[in-house]
Every structure is written in C-alpha cells, then in structure tokens.
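Have a look at the structure below, then the notes.
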Amino acid sequence: MTNTPAERATALLSTLNADQVLTAMHAQPWDTPVPLAARGTLPTFPAHALPAWAGEFTAALAEETQTPVDLAGCIVLAALSTAAGGRALVNVRGSWCEPVNLFVVVAMPPGSRKSPVFRAIVAPLQAAERALQEQVRPLITEAELARKVAQESADKAARMAASARGDSAGDALAEATSAALAVDGITVPAEPRLIADDITPEAAASLLAEQGGRLAVLSAEGGIFATLAGRYSGVANLDLFLKGHAGDLLIVDRRSRRERVDHAALTLGLAVQPDIVTEIASSPGFRGKGLLGRILYSLPTSNVGYRLIDPPAVPEQVAAEYAASLGRLVTEMYGWQDPARLVLSPEAADLFRAQRERTEPRLRPDAGDLAHISDWAAKFDGAVARIAGLLHLAAHIGDGWRKPIAADTMTAAIELGDYFTAHALATFDAMGQDPGVEAARTVHAWLTKARPEHFTRRDAHRALQRKFKKAVDLDPAFDLLEQSGWIRREPDPTTSRGNPSPRYAVHPDLHRTA
C-alpha cells in the first residue's frame, strides 16, 4: 500500500504511457532551476588525509588566515613534493613507476589572502634551502680555489708546450694535456636551490640541470603560465614542464654548454586568480600538448565576507612541528641521487587495483563522466600513486624507503584523488572544455535573448544552425537543460502527422518580462 505523496506519484506514473507521463510532469509547478554546470558543493580538502604534523598545521593555518582549508592543503602537498620530488619513485607494478612530484594549482579571487598562506607554508623550505647553502659554501670556495690553481698550472703548461721544440715537445704536450684534464676533473658544487618563482623556461631548464634534475616553481601568482605561453619569446615553450612532470630525459643545448638531465623532476605549486584558469585553456598547445592534463586543480569556495575578525593563531607547537618536520624531510631526501624506490604493501596494491577498476569505465566515450577530460583522467591514477608516495615519506621521515606504503596511506591518497577529480571536472567546465555544457549554455543564451514560452527543436536549430549542423545535435543540450530544470519536454500533439519536432516549455525565469 502506498502512503507517501512520492510513492503515490510513482505508482501513478507507472500506469501511464510516455505521453501521459509528459502530460503529468508538465502539469507540475516549476522548481528553481540549477545553474548550468553546477555539480553541487565541491568537496573540501581533506586535511585529515595528510600526516598529522602537516594536517594539523594545514587546518590551523586555514583557521588563522580565515581561508578555505583547500588553499593551505594544496600548497602543503606542493611543499612535500618540493622536499621529495625527484628523490623517490613509487614502484606500482612491473615497470610502472611514478615519480613523487606534483603540479598543483589553486584558483581563488583577489583579496583571498593567498600570499600570507603561501609564505607560512614555504618558509620552512626557504630555511632548509639556506641551511643547505651554508653547508655547501665552504666546499664551493675550496673547489673554486682548487680549480683556479689548476687552471693557472694548465695555462703555464700550455704555454710551455706551445714553445717546446724537438724531443721535449711531446713531453710538454702530454703535461699540458694532463693539466687541462685536471681542471676538467674539478667540479665546483652548485649552490643548492629548491625553489624558483618568476623564471623563464630556459633559465628553469639550466637551474634544473644544475640542481641534479630537481626544482620547484612555487608562486602566489600565475605569471609562469604567461611566460610558458611566450610572453617574452613570442613562442610557447612547454617541453620543460611536460618532461619535468613525467620524469623524462631533458637535453638542453646552449652555445656555451650542453645540459642533460636523465630524469627531470619539476614541482609546480601555484595560487592564482580564477581568470588565469580560464585563460590557460585558450593558450596555444596547453591542452593539446598535455600540460592541462598534468595539473591537480582546486577551486575553493571563497569565504570573503564571512571571515572571523580575530581568529585564533596557529599554536606555536603546531607551527614548530610543521617547520621541523618539513625541514627534516628536505634534509633527509636531499642527498638521494638515485631515487629511492617505494613499494606498495599487498593491501595497498589491492586498494589501488580497485581504484583503477573504478576509474576505467569513467573514461568511456559513450557514457563515462570523465570522457571529456580523458587527458586529465588518464593520469589520475598515476597522481594517486604519487600522492601516496609523498604521504608515506612525510609520515616516515628518515626511513620511508625501508617500509612499504600501507593500506591506510593508499586510502588517504585515494580520498585526495577523489577530491581533485571533483575539482578537475568543475575546472574544465569553467574552462569551457565540456562540450555538453557548452552546447547547453549556447541554447540557454538563445532562450534568454529570444524569451519564448515554448519552442521546438526545429526552432532552436533554425536559430543556431551555424553552431549545430543537424537538429539532433541539440539533443544533449536539451537533456542537460531539462535535467537542470530550465526546460520541460511537452507531449507530442495527437493530431500531428509524421514525426513532429520535439516541443519544450521554457522555465518562467527565462521568458518572464524583466
């Protein structure tokens, strides 16, 4: 027996044919329509998925600065990547290995206090960088002096070889050659650098090579995207960032020298304005060459206007533990020249396999919700493995390479992956990269301008035929508009001959006189 209104309505609809169902639905009052491309409230960054020292600092910093926890959480992930990127690999299975460096971009409007959050998170990295420089400076001085002395000896030997005659010429040449080789054998250590900010791809490539293939570009602005698009050179230059994410071979030829990095590892951590996100979608090659598909996006909801005036400060103990732990992670990982190989525990491997099994159907062109961002989604599982590696190293500073990645770490990485997936869908929608949403927006704009109370598919196609070659091409847009509550399919007329063009009623908000 049916008692509730919903149950009675369901029972009634089950007895009706298709036209009767449309008639019954048409008689219902209009609900408030859903904005196009709205996916409900986007998930909040799960700070609890981070190791305790990082998660507690993330939550406390968000509270002190009255910013969404997403901002601090994403930049903390970039900080972990800066500390460990290029120094460890996650051995997923067989030959599949993922480096643990990430590209992370958070988009927030002006006045959102991005810079203070950025400074607080990056400060321990800068302190660790200075400490490394202090350690290496005496070695640099010693090597420079040794090279200078060796060069003077080589120059003297070269002059003597040039003036030698007769039997002594061969010995002099041998001595000069030996002296020159001795100069080449003295390597002056590079001053350690972890972070760059406003830098050209060419300069970043040289710095990356100088630093053994590891570098992070961290900034509270998005100027690097304009630089990549060719602000200075007039030509887009994405190779460094494409290869630096994948861990590929990077060879840079200069007039004075040739630079080679066998496995480039670049970290990207940016906090930008939302307009930057939409702009990069139209930058030549950014999507076609795969840069957009390598980025983990975050679109936090702004809380400007709802912030507390005097929030509690980050507790000193929490800030101190964060600074000490991040600094120690830098120090412990910095010396690794051959990357540490991290393996999955059997339980973590099972979880990751199940994760990949869930992802694959979502890529299907016909029905997968990730099909239109397959360039991003195809790298999604790899990003989960990278995140798992970073969480593992941050939870086991000093001996992470001796332990397998545990199941709870993989669970946390998958939760973060789900967060970034939801935000990627919203980001690509904002970029105008979802063809269904764009088609619906086009029809919505026409309805807003024309203000019809009713229309047929033929009417819409006649008005929009420059964008839609065939009338049936409009159907996906109509489906989305109907699901969002902007239009409603009407029953076909019983007296019509042939195949009548589908007819729709329009939500009063679109045709009501302003």
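The values are calculated or read from the model by the stated rules, or taken from the named source; none is laboratory data. None of these values were measured; they are calculated from a predicted model. All Cβ positions, glycine included, derive from the backbone under ideal geometry; neighbour counts span all protein chains shown. Accessible surface is based on the protein model in full, side chains and every heavy atom, while ligands, DNA and RNA are left aside. Shrake-Rupley method; radii C 1.70, N 1.55, O 1.52, S 1.80 Å.
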Counting only residues 5 or more apart in sequence or on a different chain, those whose built amide H sits under 5 Å from that of residue 86 are 100, 101
Once both axes come from the Cα atoms, what is the angle between helix 316-334 and the longest principal axis of the chain, in degrees from 0 to 90, rounded to 10? 60 degrees
Checked against the structure, the computed Cα Rg over 2.2 N^0.38 Å among [x] 1.40; [y] 1.27; [z] 0.93 is the one labelled [y]
Report, to the nearest whole %, how much of the accessible area of the chain belongs to carbon and sulfur atoms, 1.4 Å probe, protein only. 52 percent
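Give me the accessible area per residue for the chain, probe 1.4 Å, as a whole number in Å².
50 Å²
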Given the rule -39500 (n - 2.57) for each run of at least 4 DSSP H residues, summed and divided by the residues of the chain, what is its mean residue ellipticity at 222 nm, to the nearest 500 deg cm²/dmol? -16500 deg cm²/dmol
Order these peptides, 465-471, 104-110, by their mean beta-carbon neighbour count within 10 angstrom, highest first. 104-110, 465-471
Between residue 268 and residues 5 or more places away or on another chain, which pairs have amide H atoms under 5 Å apart, with H built 1.01 Å from N, and which residues are they? 102, 103, 104, 217
Report, for the chain, the % of DSSP beta bridges that are antiparallel, rounded to 5. 40 percent
If one compares the long axis through the Cα atoms of helix 168-184 with the longest principal axis of the Cα atoms of the chain, the angle in degrees, nearest 10, works out at 40 degrees
If we count every other residue with Cβ under 12 angstrom of residue 144's Cβ, Lys/Arg +1 and Asp/Glu -1, where does the sum land? +1
Mind checking the angle between helix 52-65 and the chain's longest principal axis? C-alpha axes, 0 to 90 degrees, to the nearest 10. 70 degrees
In Å, the Kirkwood hydrodynamic radius from C-alpha pairs for the range 158-310 sits at 19.0 Å
Sort 69-81, 166-178, 481-493 by packing, meaning the average of other beta carbons within 10 Å per residue, with the highest value first. 69-81, 481-493, 166-178
